[in-house]
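Enquirer: One structure coming up, written as structure tokens, with questions to follow.
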């Protein structure tokens, strides 16, 4: 669905196809397309031209990296003490 939205928005913003025409051609309501275009313009204006699903994935990956960084010193300490007790 995100890819479909991106292509519809690109027709309007990048190719200059009128919004009414894109909505009609893709069997969308003009208001739905208008919301997608508005959101894309906001993302472009802030320099974060990523989709909400990409943003969610980025958030998940950042959390995973943080957790892995926290676990690494614990694993190193456990390995160190395991060697000393042998």
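Enquirer: Rounded to the nearest 500 deg cm²/dmol, what is the calculated helix-only ellipticity per residue at 222 nm for the chain, with -39500 (n - 2.57) per DSSP H run of length n ≥ 4?
Expert: -27000 deg cm²/dmol
Enquirer: Still on this model: Can you tell me which of 26-39, 54-67 comes out highest on packing, and rank the rest after it, using the mean Cβ neighbours within 10 Å?
Expert: On the way: 26-39: 13.7, 54-67: 10.6.
Packing proxy ranking, top to bottom: 26-39, 54-67.
Enquirer: State the extension gain, in nm to one decimal, for the chain segment bounded by residue 79 and residue 20, taking 0.36 nm per residue of separation less the distance between their alpha-carbons. Let's see the in-between values first.
Expert: Working: separation 59, 0.36 × 59 = 21.24 nm, distance 6.43 nm.
That pair, residue 79 and residue 20, stretches by 14.8 nm at full extension.
Enquirer: What number, in percent, do you get for the relative contact order of region 1-49 if the mean sequence gap of Cα pairs under 8 Å and at least 6 apart is divided by its residue count?
Expert: Here the relative contact order equals 30 percent.
Enquirer: Using a 7 Å offset from Cα along Cα-Cβ at residue 31, what residues in region 1-20 end up with backbone N under 16 Å from the label point?
Expert: The answer is 20, whose backbone nitrogens lie closer than 16 Å to the label point.
Enquirer: Along its three principal axes, how long is the chain when you only count alpha carbons? Whole Å, largest extent first please.
Expert: Largest first, the chain extends 75, 24, 18 Å along its Cα principal axes.
Enquirer: Helix 30-46 sits at what angle to the longest principal axis of the chain, using alpha carbons and giving 0 to 90 degrees rounded to 10?
Expert: Value to nearest ten degrees: 50.
Enquirer: Then there is this: From Cα pairs below 8 angstrom and at least 6 apart in sequence, can you work out the relative contact order of the chain, rounded to a whole percent? Mind showing how you got there, number by number?
Expert: On the way: 29 pairs, mean separation 17.0, N = 86.
That works out to 20 percent.
Here, each number is a calculation from the coordinates, and none is a lab measurement. Everything numeric here is computed off the predicted structure, so don't read it as measured data. Here Cβ is always computed from backbone atoms with ideal geometry, including for glycine, and neighbour counts include all displayed protein chains.
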